[in-house]
Amino acid sequence: MFRQFCRALAACLVLTSPLAAEDRLPLGYGRLSTNDLFAEGRDRWQTGSVASSRVRGPDWTGHAPDAPGALLEYRLGFHVMSPSNLRNPAPGDRPLATAISLGLHTHFTRGAAEIALGGDLVVTGPQTGLDDFQTALHDAIGIAPPSPGVKDRQIGNGVHPSFVGEIGQDIAWGGARLRPFAEARWGAETLVRLGADLTLGVVGQGELLVRDPVTGQRYRAVQTDAPGSSFVLGGDIAYVDSSIFLPESRGYALTDSRQRLRAGVHWQGERHSAFYGLTWLGEEFDGQPNGQVVGSLRLKLAF
């Protein structure tokens, strides 16, 4: 099913592109690891995720091409969500859920607007092996792993085609750059989102940044090596229509809106680069007593 999905999606993108496959060059690789242990030091709700992107396309000129399908981004993601107590969760707390996503996306411009469109296959349940990985990791660092009952009640096996689109625009604002954006998702989670990001500094200019689905932090996928730093602030609000991770059939009711606030620092040295960010995630379901703060980290070391 994944192969059929990717072939169909790739065919749609290629049909809109003037480039042949051999004309696309490897342009960059980006990733971001997020965990609540990087911030609150706890293990609950949006407990951990990894997002990664490999980008191919024509020679990079500081912005995406104006043709959809010319620049392609191949995405791979890992995601673990859990109740706040892995041994004896409170009634109504969210179930354990694990997901691996594989996707193909394209980035292009229309005038001053930056657009990203694509699709992912989201694979859920014990078939991902992430619940066993979480257990092994907790055993290794001396933290209580999920109980057998928690694992038995986790979100089950499934394969969920999903689509996402984002449109944004960089606006010079004094010595900073303000980027309002709108996003829509359909599939594993169906939602619409409005937000903005503010960047102060040189890192990120003339680069391709990709939005992490959990935090909204933007990580560098095609980057320059000019030394410097940037401080970023952002926030957004979403209306969520449905989520396979909080199924209505189990009695979960989604909150009226889902909010995120974030801040972070990009640093680029002569050879190495780093990013660290904090994101406050608001409540996602009725019965969640409060939001949480997660940390995001990316290190790039060249030896």
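Inverting the pair-averaged 1/r between distinct Cα atoms of the range 103-192 gives 16.4 Å as its Kirkwood hydrodynamic radius. Think of each Lys and Arg Cβ as +1 and each Asp and Glu Cβ as -1; about the Cα centre, that makes the dipole of the chain roughly 320 debye.
For I115, the accessible area of its heavy atoms, probed at 1.4 Å with every protein chain present, is near 30 square angstrom. By the helix-only formula, in which each DSSP H run with n ≥ 4 contributes -39500 (n - 2.57) and the sum is divided by residues, the chain has a 222 nm mean residue ellipticity of -3000 deg cm²/dmol. Residue-wise HN-Hα couplings along the range 272-282, as the Karplus relation 6.51 cos²θ - 1.76 cosθ + 1.60 with θ = phi - 60° gives them from phi, are 10, 8, 8, 9, 9, x, 10, 9, 8, 10, x Hz; Gly and Pro carry x. Could you work out how far helix 2-15 tilts from the main Cα principal axis of the chain, as a 0 to 90 degree angle to the nearest 10? Helix 2-15 sits roughly 20 degrees off the main axis of the chain.
Normalised by the number of residues in the chain, the mean separation of alpha-carbon contacts (under 8 Å, six or more apart) gives a relative contact order of 15 percent.
For the chain, the Kirkwood radius over C-alpha pairs fed into Stokes-Einstein at 37 °C and 0.692 mPa s yields D = 164 µm² per second.
Here's the picture: charge each Lys and Arg Cβ at +1 and each Asp and Glu Cβ at -1 in the range 167-303, and of P227, L281, V214 the one pushed furthest to the positive end of that dipole is P227. Going by accessible surface with a 1.4 Å probe and the largest first, H79, H272 read H272, H79. Averaging Cα coordinates gives a centre for the range 186-241 and one for the range 269-285; these two points are 10 Å apart.
When V294, V265 are compared by accessible area of protein heavy atoms, the largest-first order is V265, V294, using a 1.4 Å probe.
Please say if the range 151-227 is rounded, prolate or oblate, where rounded means a/c under 1.5 for a ≥ b ≥ c the square roots of the C-alpha gyration tensor eigenvalues, and otherwise the choice is prolate for a/b larger than b/c and oblate otherwise? Cα axes put the range 151-227 in the prolate bin. The region of the chain that goes longest without hitting one of the trypsin sites (Lys or Arg not before Pro) in a DSSP loop, each with at most 14 other Cβ atoms within 10 Å, is 88-270. Extents of the range 217-275, largest first, come to 53, 18, 14 Å (Cα atoms, principal axes, whole angstrom).
Working with all protein chains in place, sort V122, V192 by solvent-accessible area computed with a 1.4 Å probe, largest first. The partial results should precede the final answer.
Details: V122 15, V192 80 Å².
Greatest to least solvent exposure: V192, V122.
Taking the square roots of 5 times each eigenvalue of the Cα gyration tensor of the range 162-303, largest first, gives ellipsoid semi-axes of 31, 16, 14 Å. Compared with the dominant principal axis of the Cα atoms in the chain, helix 130-141 is inclined by about 80°.
Across all directions, the average projected area of the convex hull around the alpha carbons of the range 34-99 is 6.8 nm².
The values are calculated or read from the model by the stated rules, or taken from the named source; none is laboratory data. Model, not experiment: these values are computed from the prediction. Don't worry about glycine lacking a Cβ; one is built from the backbone with ideal geometry, like all the others, and counts go over all protein chains shown. For accessibility, only protein heavy atoms count, side chains too; no ligands or nucleic acids. Shrake-Rupley method; radii C 1.70, N 1.55, O 1.52, S 1.80 Å.
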